[in-house]
1. Using amide H atoms built in the peptide plane, which far-off residues or other-chain residues are under 5 Å from Arg146 H to H?
2. Calculate the tail of P(r) for region 211-292: the fraction of all Cα-Cα distances greater than 17 Å, expressed in %.
3. First check a/c for region 152-240, with a ≥ b ≥ c the square roots of the eigenvalues of its C-alpha gyration tensor; if it is under 1.5, answer rounded, and if not, answer prolate when a/b is larger than b/c or oblate otherwise.
4. Could the peptides 392-400, 343-351 be put in order, highest first, of the mean number of other beta-carbon atoms found within 10 Å of their residues?
5. Please compute the net charge surrounding Val186, taking Lys and Arg as +1 and Asp and Glu as -1 over other residues with Cβ under 11 Å from its Cβ.
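What follows draws every value from the coordinates through simple rules; no lab data is involved. On a predicted model such as this, the values are computed, not experimentally measured, just so you know. Glycine also receives a Cβ, built like all others from the backbone with ideal geometry; neighbour counts cover every protein chain displayed.
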Amino acid sequence: MSRPGRLRPRSLRSRLVLIAGLLATGAVALCQLAGLVVLRSWLTDQVDDRLAGFRPPPGMYEDLADGSLSHRAPDVLPSDYRVFFYSPRGDLLKDALGRTSPAGPTLPDRSADLELSDGRPATVPADGGDGADWRVLASSGPGQVRSVVALPLDTVDGATAKLLWFGVGLGTLAAGGVVLLGNAAVRLGLRPLTRVERTAEHITAGDLELNVPVADADTEVGRLGLALNTMLDRLRSALRRAEDSERRMRRFMADAGHELRTPLTAIQGFAELLVDQPGMTGGRRREAHSRIVHNADRMSRLVDDLFLLAKLGHAPVRRRERVDLLSLCADAIAGTAVRHPDRHIGLQPLGGPGTGADSGTGPDHGPGPDHDHDHEEDDGGQDLDVVEALGDGHQLAQILGNLLSNACAHTPAGSRVVVRVGAARAGGETGGTDRPGRVGAGRPMPYGAAVCVVEVADDGPGIAPDDARHVFSRFYRAGPRDPDRAAGSGLGLAIASAIADAHDGRLELDGRPGGGCVFRLLLPAVG
């Protein structure tokens, strides 16, 4: 047994044609029905007017009184009139005027059963149920005699029957015409939608670079095509981002595995050495233990850095408070000076000596003038102002620590490092790459926006352009200038740039070989 749902049209074209056919057929049927009602009412009114205008033949009631009415000729009345009489006692008389064929209307034998009001026409069936109905009108005559004048409705029924069959035929032709012509019209109207369907099939098959054709953007199909093209553009962008993210993730995992393999191999080798040679001397045993601890610490720091990068890439900065960047810089300088006593580290305002005029787009290279003290605040004769930004103080301190550690690691002993802090206006798209030797990581700062700037400048040998392009990449190491210092994991600047981006800021590098380096942290100023 087939399900009812299979009988319903499934395609949009079939449904539109079916709906149009039903509407057209219904409209024709309603029009014909209204015409039929109006025509029958009009014809019935004509019959009623004839009944109301009927005048009895002269001497009719006198002939009825002396019993000679039956001797009148059958055609004494015009047309199809019939006249019936009730006696003063209320009995239906056998004598009647008019032709005897066809059968007359059905009338009761008693006047009291005659449900007719004088002067008001009514419709009664034919006698015996054969033939057309009759329209009758009752009136009172002399001597309490009641007469009933009747006219057949066969002409009315015939006219309405012809109109009814005409309406049925017209409705059938209209339905057929709508189905045939509507199918062609709907097919033509849905041609743009068909092209959209075919394009969607090609896209589903794998051709993701196709766009839906848009013939007229003012139509529904045109607006649908524009919406689909917008969706496809976003889908392609999302797919490209997903593919790029997958490539970066694979590269990241490969780099992480490569970085972890070295300390893990060293730990495994020294551990096997301790197991295989239990009789080694105490000095060698202490050296093996020391190497295991060193590589374990290196692997632990690498894992911590990887975890921090993963957290920064998926979670926003939850702790946002006013942070005094000047205090952070002073604390970072103090901590770095303890670890690197051979470096001259100073603190200056952003607009101090050795700083370019356009502090929003980058100062001149170099840490500033000479000074005779190593780790004191050097303001160049200018006051240091408090500069506040919104963010996580611990994470921002980590950026400053990484920048100072890099400056000390990549400059020879005795090099000078200057930290500058202040507020400025972004000149142009601050952080762009339109200046030679500049690279950046993070979103560009809007033109004229108020920004907080922290610069870490050194007078070391600078950085080569090839190294500068990758300085913010993960696991990239240009190599320390200090041969006695082990190379880092290559994640310090990547972490710093990720923290800056999480704070809606930007990290930049201005550097050229032989001219030192300037790392610049840009953060939105507190409104």
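1. Sorted by chain and number, the residues that satisfy this are Tyr86, Gly141.
2. On the way: 2304 of 3321 pairs.
Summing the P(r) tail past 17 Å for region 211-292 gives 69 percent.
3. Numbers: a/c = 5.88, a/b = 4.54, b/c = 1.29.
Verdict is prolate for region 152-240.
4. Details: 392-400: 19.9, 343-351: 22.4.
Ranking the peptides 392-400, 343-351 by packing returns 343-351, 392-400.
5. Details: positive: Arg13, Arg15, Arg187, Arg191; negative: none.
Net local charge, Val186 excluded: +4.
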